[in-house]
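*Asks:* After the structure tokens below, expect a handful of questions from me.
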Amino acid sequence: MLNQDMPYDFTIQNLGECTIDSPLNVSYFTPDQRRILFNVDLLHYADMKSSDGLPLSVEVAGPRARIFFDPSKTKAAIVTCGGLCPGINDVIRAIVMELYYRYGVQNIIGIRYGFQGFIPKYRHETLSLSPEVVKDIHAIGGSILSSSRGRQEVEEMVNAIKRMNVDILFCIGGDGTMRAVECITGEITKRNINTSVIGIPKTIDNDLNLIQKTFGYDTAISEAVKAIECAHVEAKGAPMGIGLVKIMGRQSGHIATGAALAMSDVNYVLIPEVPFDLEGEKGFLKVLEERLRQRSHCVILVAEGAGQELMHNENDPIETDASGNLRLHDIGPFLKKRIEHYFGRKNLEVNLKYIDPSYTIRSVPANASDSIYCGALGQYAVHAGMAGKTGMLVGLMKDEYVHLPLKMVASGAKVNPEGNVWMRVLESTGQPPSMKN
């Protein structure tokens, strides 16, 4: 949740007056005046005000009756950035189909290999996108445009956008990508260029503030359940069997908690939000020993960002990846080694099977739920772009598709250790509320 002491601004930037009648044949259009309340919690309702003192509200997404761009003269570009995620191709397909068939925009290009595709020195060719090119891409994983990580010069990217005469730029990416898109929008505004920049948020970890759900999350849960099923079979297949599954979740445990609730065979869920000790009477290893002595098998689900404090040495250098994300220690092999060492000291033989399905999960096609969601995100992004809105992203909030300024959305949404979801995980697994001494 955002800081309640700061003034909020959910104003959406527009390129100018919309003077062109929409070509869409729809049952209704969405006016800019249609908004939903941002905060519905009566406890804090009076505190959550905008800078003008009015209750906070957010602009609802949807087709506008009048648009800014002339479809016959519009050129659109799509770029995908950051790590792979189920559903990227579904979003690309939805954008192309909506632009081409509903608005009549036929000049659509794909920027290859993320923001590198704007930089001349990389010499990445663009890809012409049409319904024929994208008609089947939702059935394959990854991104047909490919992706990349790392920062590029904003001025150089805007030079390329202007050089290519791009009217609407659709950027599909995570938190880092949205920060870059905000910088791109600022540079475009400074140069007074009439280019709309629309973000479609992508993070499989489902950890963006304000966004109810990010695409790829439902598919990740479905695929994680398959790995848990395998771990459970392995654990029951041998005396003192342990199935250890590492799952995505750098800073949050949303996937781990969701998968545990979807598959009730998990006995322990370890997430970044809930620190734990390994040794000691209340530590995880002692708790695990008691479980194995009672039931002879166990399934452990650990998020990749869990237990980092157990592996961190104050003399370790701080390393980051190309996108500026902190490089994590690998909790999976570390935990496997510590479990085996602990039971070895006690002359207790355990049969531990370690499963890491992370890259498999990232690379699969979207399931039906995510595919529906991605289609909606792509369509609403096109409506916003054609109406000349810019510096914003489309997201789901309180079961409504809305427009949010890029500056208001960032990663950091955590699993609340005092909240209902974690309480349900504890009830489902039976693990202690705390494994700290």
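The values are calculated or read from the model by the stated rules, or taken from the named source; none is laboratory data. What you see is a predicted model; the values in this text were computed from it and never measured. In this analysis, Cβ positions are derived from the backbone assuming ideal geometry, glycine residues included, and neighbour counts consider all displayed protein chains. In case anyone asks, the SASA skips ligands and DNA or RNA and just uses the protein heavy atoms, side chains included. Shrake-Rupley method; radii C 1.70, N 1.55, O 1.52, S 1.80 Å.
*Asks:* Along the range 166-180, what does the Karplus equation 6.51 cos²θ - 1.76 cosθ + 1.60 (θ = phi - 60°) give for ³J(HN,Hα), rounded to whole Hz, x for Gly and Pro?
*Replies:* 7, 8, 10, 10, 9, 10, 9, x, x, 4, x, 4, 5, 5, 5
*Asks:* For the chain, what does -39500 (n - 2.57) per DSSP helix run (n ≥ 4), summed and divided by total residues, give at 222 nm, in deg cm²/dmol to the nearest 500?
*Replies:* Calculated mean residue ellipticity at 222 nm is -9500 deg cm²/dmol.
*Asks:* Moving on. Over the Cα atoms, compute the radius of gyration (one decimal) and Dmax (the largest Cα-Cα distance, rounded to a whole number) for the range 190-229, in Å.
*Replies:* Spelled out, the Cα radius of gyration and Dmax of the range 190-229 are 16.3, 55 Å.
*Asks:* Quick one: among SER148, SER411, SER369, which has the greatest mean-square fluctuation in a GNM of the chain with alpha-carbon springs under 10 angstrom?
*Replies:* Highest fluctuation of the listed residues: SER369.
*Asks:* When DSSP assigns beta bridges and you keep just the ones with both residues in the chain, what percent turn out antiparallel, to the nearest 5?
*Replies:* 35
*Asks:* Report the accessible area of ASP21, computed with a 1.4 Å probe over the heavy atoms of all protein chains in place, in Å² rounded to the nearest 10.
*Replies:* 100
*Asks:* Here is a further query. Tell me, in nm to one decimal, what length is gained between LYS282 and ALA139 on full extension, where the rule is 0.36 nm per residue of separation less the Cα-Cα distance?
*Replies:* Numbers: separation 143, 0.36 × 143 = 51.48 nm, distance 4.72 nm.
Between LYS282 and ALA139, full extension yields an extra 46.8 nm.
*Asks:* Mind listing the long-range amide H neighbours of GLN13? Cut-off is under 5 Å, sequence gap 5 or more, other chains count too, H placed in the peptide plane at 1.01 Å from N.
*Replies:* Counting only residues 5 or more places away or on other chains, the set is THR390.
*Asks:* So if the hydrodynamic radius of the range 222-291 is defined as the Kirkwood radius over C-alpha pairs, what does Stokes-Einstein give as its diffusion coefficient at 20 °C and 1.002 mPa s, in µm² per second?
*Replies:* Calculated translational D: 164 µm²/s.
*Asks:* Which percent of Cα-Cα pairs in the range 112-189 sits in each 5 Å bin, short to long?
*Replies:* So the P(r) values, bin by bin, are 3, 13, 24, 26, 19, 11, 5, 0.
*Asks:* For SER57, what residues show an amide H to amide H distance below 5 Å, using hydrogens built from the backbone and excluding near sequence neighbours?
*Replies:* PHE38
*Asks:* Apply the Karplus curve 6.51 cos²θ - 1.76 cosθ + 1.60, θ = phi - 60°, to the phi angles in the range 183-188 and return the couplings in whole Hz, x for Gly and Pro.
*Replies:* Result, rounded to whole Hz: 5, 4, 4, x, 5, 5.
*Asks:* Principal axis lengths of the range 83-144 from Cα atoms, whole Å, largest first?
*Replies:* 36, 26, 14
*Asks:* Now, a different point. So for the range 76-226: antiparallel DSSP bridges make up what percent, rounded to the nearest 5?
*Replies:* 10
*Asks:* Still on this structure: Taking H placed 1.01 Å from N in the peptide plane, check which residues at least 5 places from ASN107 or on another chain put their amide H under 5 Å from its amide H.
*Replies:* For ASN107, the qualifying residues are ALA76.
*Asks:* At most 13 other Cβ atoms within 10 Å and a DSSP loop assignment: could you name the trypsin sites (Lys or Arg not before Pro) in the range 146-182 that fit?
*Replies:* ARG151
*Asks:* While we're here: Can you tell me the relative contact order of the range 332-437? Whole percent, Cα pairs under 8 Å, sequence separation 6 or more.
*Replies:* Working: 41 pairs, mean separation 11.5, N = 106.
Once divided by the residue count of the range 332-437, the mean separation gives 11 percent.
*Asks:* So if the hydrodynamic radius of the range 146-246 is defined as the Kirkwood radius over C-alpha pairs, what does Stokes-Einstein give as its diffusion coefficient at 10 °C and 1.306 mPa s, in µm² per second?
*Replies:* Value of D from the Cα-based Kirkwood radius: 95 µm²/s.
*Asks:* Report the Stokes-Einstein translational diffusion coefficient (µm² s⁻¹, integer) for the chain, Rh taken as the Kirkwood radius over Cα pairs, at 37 °C with viscosity 0.692 mPa s.
*Replies:* D = 141 µm²/s.
*Asks:* Could you give the longest part of the chain that holds none of the chymotrypsin sites (Phe, Trp or Tyr not before Pro) found in DSSP loops with at most 15 neighbouring Cβ atoms within 10 Å?
*Replies:* Result for the longest clean stretch: 30-437.
*Asks:* Sort CYS18, CYS81, CYS183 from largest to smallest accessible area, using a 1.4 Å probe on the heavy atoms of the protein chains.
*Replies:* Ranked list, largest accessible area first: CYS183, CYS18, CYS81.
*Asks:* Leaving out ligands and nucleic acids, and using a 1.4 Å probe, what accessible area per residue does the chain come to in Å²?
*Replies:* Roughly 45 Å² per residue, with all protein chains present.
*Asks:* If you plug each phi of the range 356-361 into the Karplus form 6.51 cos²θ - 1.76 cosθ + 1.60 with θ = phi - 60°, what whole-Hz ³J(HN,Hα) values come out, in order, with x for Gly and Pro?
*Replies:* These are the phi-based 3J(HN,Hα) values: 10, x, 3, 6, 4, 5 Hz.
*Asks:* Can you give the convex hull volume per residue for the Cα atoms of the range 252-406, as a whole number of Å³? Walk me through the intermediate numbers first.
*Replies:* Details: hull volume 27.5 nm³, N = 155.
Residue-normalised Cα hull volume stands at 177 Å³.
*Asks:* In the chain, what percent of the accessible surface is made up of carbon and sulfur (1.4 Å probe, ligands and nucleic acids excluded)?
*Replies:* Summing carbon and sulfur atoms, their accessible area is 48 percent of the total for the chain.
*Asks:* If you place +1 on the Cβ of every Lys and Arg, -1 on the Cβ of every Asp and Glu, and leave all else neutral, what size is the dipole of the range 190-337 about its Cα centre, to the nearest 20 Debye?
*Replies:* 400
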